[in-house]
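The values are calculated or read from the model by the stated rules, or taken from the named source; none is laboratory data. What you are looking at is a predicted structure, and each value in this text was computed from that prediction instead of being measured. Positions of Cβ are backbone-derived with ideal geometry, glycine not excepted, and every protein chain shown enters the neighbour counts. Only protein heavy atoms, including side chains, enter the accessible area calculation; ligands, DNA and RNA are left aside. Shrake-Rupley method; radii C 1.70, N 1.55, O 1.52, S 1.80 Å.
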Amino acid sequence: MNFDAALDTALNRLHEEGRYRTFIEIERERGQFPHAVWTRPDGTTKDITVWCGNDYLGMGQHPEVLAAMHEALDATGAGSGGTRNISGTTVYHKRLEAEIADLHGKEAALVFSSAYIANDATLSTLPKLFPGLIIYSDALNHASMIEGVRRNGGAKRIFRHNDVAHLRELIAADDPAAPKLIAFESIYSMDGDFGPIKEICDLAEEVGALTYIDEVHAVGMYGPRGAGVAERDGQMHRIDIINATLAKAYGVFGGYIAASAKMVDSVRSYAPGFIFTTSLPPVVAAGAATSVRVLKTAQHLRDAQQTNARILKMRLKGLGLPIIDHGSHIVPVHVGDPVHVKMLSDMLLDQFGIYVQPINFPTVPRGTERLRFTPSPVHDARQIDHLVGAMDSLWRRCALNRAEISA
């Protein structure tokens with residue numbers, strides 16, 4: 001086989017479909033987020049504003065977080081030195097897991113290298129713990145959940161997105177005695193819609209199923225202490241396993257699950273994705289623990305972020321742009337074509353210094369390509385004005401009408 005030719009074919013296919021992903025090289029400036037510097041391919045630079053980051057609350061720049069990381073770096077050095085079982089568990093890891101367990105009102109928590117790995121490792125391990133387990137998974141669950149369910153070797157059922165009636169039908173068709181788990185998300189990040197948490201918990205209690213929720217795009221952002229949508233809705237105590245990240249609203253790195261002490265101990269003891277992975281550097285664990293602690297009492301940041309999201313949605317809707325609005329902090333603008341969404345993203349960056357990455361297949365279905373804006377508390381009124389003006393100019397200049405661009 002000509003391996004180079006095969007690689008050329010695969011890459012050319014992405015270029016032809018307009019789906020080839022270009023990494024934009026930026027340098028965030030400490031204390032200046034969302035300001036950054038973009039380095040163009042020719043080596044020249046341009047000041048830009050980041051509008052697509054997942055550091056939703058700017059905690060990656062928070063002085064208490066940075067101070068905690070500096071302290072841990074000076075005290076311990078760079079890396080952890082091993083897996084959690086072999087020299088890689090430090091006081092910083094234990095503090096972080098204690099903060100997370102307290103956040104979610106659970107007995108214990110377990111930190112992974114990412115929320116992707118936490119989902120994959122946990123969902124692929126659960127059938128080992130519960131022989132015959134059937135997992136019922138929402139059709140729009142994140143790729144990490146899909147991968148974990150796919151790899152676990154057990155039975156799986158896919159229910160239509162947020163369709164509890166369909167979920168009930170699938171459960172009713174299975175053996176009532178079989179162990180069951182329902183896996184879903186609190187906020188689906190590409191459309192920004194919410195999962196029906198109470199309804200799913202009601203059904204789970206009725207049939208004796210476990211519940212597994214991904215709160216990746218909600219922790220830090222919702223609830224009186226930032227524990228997520230389940231906390232906001234008063235349903236957190238009904239969730240058996242909570243998955244989330246330390247790399248979005250908390251602004252650092254890593255992922256976790258929170259559950260009963262026995263559940264966490266079992267996953268810790270059986271999941272290869274946890275057992276055989278070097279633990280987070282202590283400096284990262286220290287920063288993440290501080291961020292979790294700070295956001296438990298930082299309602300003003302959540303309020304400011306939600307206000308900016310509402311303002312941006314209102315103003316973009318006022319221009320007649322096709323906004324997808326389900327009431328969350330995520331602001332998607334539907335474009336519907338991979339070439340056109342990339343063109344719009346490039347023009348925003350080059351002409352206006354606005355960085356928003358195009359979102360296309362396989363992250364979203366074909367024909368639903370979009371720009372996904374993530375306003376934060378540290379985006380100011382002037383930056384919002386600039387973004388709205390740029391979108392107005394480009395939308396009209398390109399004669400964008402719904403999903404078509406005629407440039």
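Accessible area per residue for the range 1-107 is 60 Å², calculated with a 1.4 Å probe on protein heavy atoms, without ligands, DNA or RNA.
Computed from the C-alpha gyration tensor, the three semi-axes of the ellipsoid equivalent to the range 326-403 are 20, 16, 11 Å, from longest to shortest. Quick one: Debye curve from the C-alpha atoms of the range 183-243, no solvent, what's log10 I(q)/I(0) at q = 0.20 Å⁻¹? The computed values of log10 I(q)/I(0) come out as -0.67. Taking every alpha-carbon pair under 8 Å whose residues sit at least 6 apart, the range 1-148 reaches a relative contact order of 9 percent.
The angle between the Cα long axis of helix 91-104 and the longest principal axis of the Cα atoms of the chain comes to about 90 degrees, rounded to the nearest 10.
Label reach from T278 (point 7 Å along Cα→C-beta): in the range 235-265, amide nitrogens under 19 Å belong to 253-255. Each residue of the range 254-304 gets 104 Å³ once the volume of the Cα convex hull is shared out per residue. Computed from Cα positions, the angle between helix 3-17 and the longest principal axis of the chain comes to roughly 60 degrees. Modelled this way, with points 7 Å down the Cα-to-C-beta line, the labels at E17 and L66 are 4.1 nm from one another. Once the Cα-Cα distance is subtracted from the 0.36 nm per residue extended length, the D385 to K198 segment shows a gain of 63.5 nm.
Taking 24 Å as the limit for the C-alpha separation, the pairs K180/K262; K128/K198; K94/K180; K128/K296; K106/K198; K156/K296 exceed it in the case of K128/K198; K94/K180; K128/K296; K156/K296. Cross-link partners for K342 among the aspartates and glutamates, with Cα-Cα distance under 15 Å and sequence neighbours closer than 8 places in the same chain left out: E16, E17, D350, E369, E404. The peptide list 248-261, 51-64, put in order of mean Cβ contacts within 10 Å with the highest first, becomes 248-261, 51-64. Scoring 100-113, 292-305 by mean Cβ neighbours within 10 Å over their residues and listing the highest first yields 100-113, 292-305.
Per atom type, the range 157-279 shows carbon and sulfur on 54% of its accessible surface, probed at 1.4 Å. Annotation: amide H of S113 within the under-5 Å range of G255, sequence separation 5 or more or interchain, hydrogens built in the peptide plane. Of the residues N85, N360, N243, the one that moves most in a GNM of the chain with alpha-carbon contacts below 10 Å is N85. Between L210 and K180, L181, I182, the built amide H atoms are under 5 Å apart, and every one of these is 5 or more places off in sequence or on another chain.
The accessible area of T278, taken with all protein chains in place and a 1.4 Å probe, comes to roughly 90 Å². Counted over all Cα-Cα pairs of the range 1-148, pairs farther apart than 22 Å make up 68 percent. Of interest is the spacing of the C-alpha centroids, which for the range 180-242 and the range 29-90 amounts to 29 Å. Computed from the C-beta positions of N2 and R310, the FRET efficiency with R₀ = 56 Å rounds to 0.55.
The slack in the chain from V207 to D303, taken as 0.36 nm per residue of separation less the alpha-carbon distance, amounts to 30.8 nm.
Computed from Cα positions, the angle between helix 282-295 and the longest principal axis of the chain comes to roughly 80 degrees. Quick check: from the Cα gyration tensor, does the range 76-160 come out rounded (a/c under 1.5), prolate or oblate? Taking the square roots of the gyration eigenvalues as a ≥ b ≥ c, the range 76-160 is prolate.
Taking the square roots of 5 times each eigenvalue of the Cα gyration tensor of the chain, largest first, gives ellipsoid semi-axes of 34, 27, 22 Å. In the range 166-290, the DSSP beta bridges split such that about 45 percent are antiparallel, to the nearest 5.
Among the protein heavy atoms, those of Y270 account for about 130 Å² of accessible surface (1.4 Å probe, every chain in place).
Once you divide the Cα radius of gyration of the range 270-351 by 2.2 N^0.38 Å, the number left is 1.67.
The simple spin-label model puts a point 7 Å past each Cα toward its Cβ; for R168 and R366 those points are separated by 3.6 nm.
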